[in-house]
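Only one structure is covered here, and it is reproduced in the block below.
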Amino acid sequence: MTTVPALTERRSPWVVFTSSSDPWLASETAALVQRNGLVLRLDGREMRDPASVFRTFARELSFLGCFGHNWDALVDCLHDWHGPGHGDQDLAILIEHADDLLTSDFLGLFVSVLAQAAWNSNLRLDADGEPHEGRQRFAQHFLFLLDRTAPVAFTEKAARGRDVAVALSDGRLLVTLTDVDWPGGDPASAPWTAGPLSFADEEIRSGMTLTAIKSFRDQLGCSIHEGLDIVRSRSAFLRGEGAGN
């Protein structure tokens, strides 16, 4: 099943990893601007740790001085943004040159936070899952643009984020939220696979690489090479987890 993200629609995927040369990117951002939406560009090379993530977002999106420089505050400021020129316009935030974020230890949390902010902006639901009166919905999506790294390489790390589910489609990595705490989102079923991607851990630990690859192919619908990339990433995580015990 193919899932095509849309920056002009209030639906998931909330976060997309794709190549900076993806023709879909040019088409969707042009359509968004044509509809009076905003496209903001941040430099992923500046985001070396959580503190620099907060500084970059605060500076480029002109957060108010009360911004708390933590993950919860980032969610709040993104879905209740009052930056220059913003009047409930649809918004796409592009994190360019994002390749080096693959080595960060906060990527899963970062992705989950962005997805939570987008869920809030797009759906505006109250605690009962009903539309929130008096709050305008607007499309908000986040894109990680990669210059030299295949999006699939980010799959395992992104899927570690809280309540995150992932899908691979047309060479892109797509992210949504699936938990019951996020009504109106997506079910943890095809094409989505809820993280963390631990279902092949036993095979990976036992050195059964081909079996592990098959598990990822069955779950994610990925190619053999993509499955191998995910196995390698998961294997590195499991080795680190073991070293920490």
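The values are calculated or read from the model by the stated rules, or taken from the named source; none is laboratory data. No experiment lies behind these values; they were computed from the predicted model shown. Positions of Cβ are generated from backbone atoms using ideal geometry, with glycine treated the same way; all protein chains shown enter the neighbour counts.
Can we say D163 is among the charged types (D, E, K, R) and farther than 21 Å from V4 by Cβ? Yes, satisfied.
With the structure loaded, tell me whether I230 is buried (at least 18 other Cβ atoms within 10 Å of the Cβ), outside the structural domain of D105 (by TED's automatic domain parsing) and either at pLDDT 95 or above or hydrophobic (A, V, I, L, M, F, W, C) (or both) or whether it fails that test. Against the criterion (buried (at least 18 other Cβ atoms within 10 Å of the Cβ), outside the structural domain of D105 (by TED's automatic domain parsing) and either at pLDDT 95 or above or hydrophobic (A, V, I, L, M, F, W, C) (or both)), I230 qualifies.
For segment 206-245, the set of residues classified as in contact (Cβ under 8 Å) with a residue 12 or more places away in the chain and of a type in the set (K, R) consists of K214, R234, listed by residue number. Among T18, T29, which is under 19 Å from the mean Cα position of the chain (by Cα), at pLDDT 95 or above, in a helix (DSSP H, G or I) and closer than 27 Å to T149 by Cα? Every option except T29 fails the conditions. Annotation for segment 78-100: no member residue is outside any helix (DSSP H, G or I), modelled with pLDDT of 95 or more and aromatic (F, W, Y).
Which residues, counting only those in segment 32-74, are part of a helix (DSSP H, G or I) and exposed (fewer than 12 other Cβ atoms within 10 Å of the Cβ)? Selection gives Q34, A51, R59, D72.
Rundown of residues vs (1) under 20 Å from L78 (Cα atoms); (2) in the same structural domain as T103 (by TED's automatic domain parsing), yes/no style:
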| site | (1), (2) |
| --- | --- |
| A139 | yes, yes |
| R148 | no, yes |
| A159 | no, yes |
| L174 | yes, yes |
| L177 | yes, yes |
| W182 | yes, yes |
| R205 | no, no |
| F216 | no, no |
| Q219 | no, no |
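Those residues that are at pLDDT 95 or above and not hydrophobic (A, V, I, L, M, F, W, C), I need them from segment 32-58; list them, please. Result: Q34, R41, D43, G44, R45, E46, R48, D49, P50, S52, R55, T56.
Just one of the listed residues (L114, L109, L143) is part of a strand (DSSP E or B), under 18 Å from W14 (Cα atoms) and modelled with pLDDT of 95 or more, namely L143. Quick check on T3: is it assigned to a loop (DSSP other than H, G, I, E, B), at pLDDT below 90, polar (S, T, N, Q) and not assigned by TED's automatic domain parsing to the domain that holds T155? Yes.
For segment 7-57, the set of residues classified as farther than 28 Å from N70 by Cα, of a type in the set (A, V, I, L, M, F, W, C) and in contact (Cβ under 8 Å) with a residue 40 or more places away in the chain consists of W24, L25, L32, listed by residue number.
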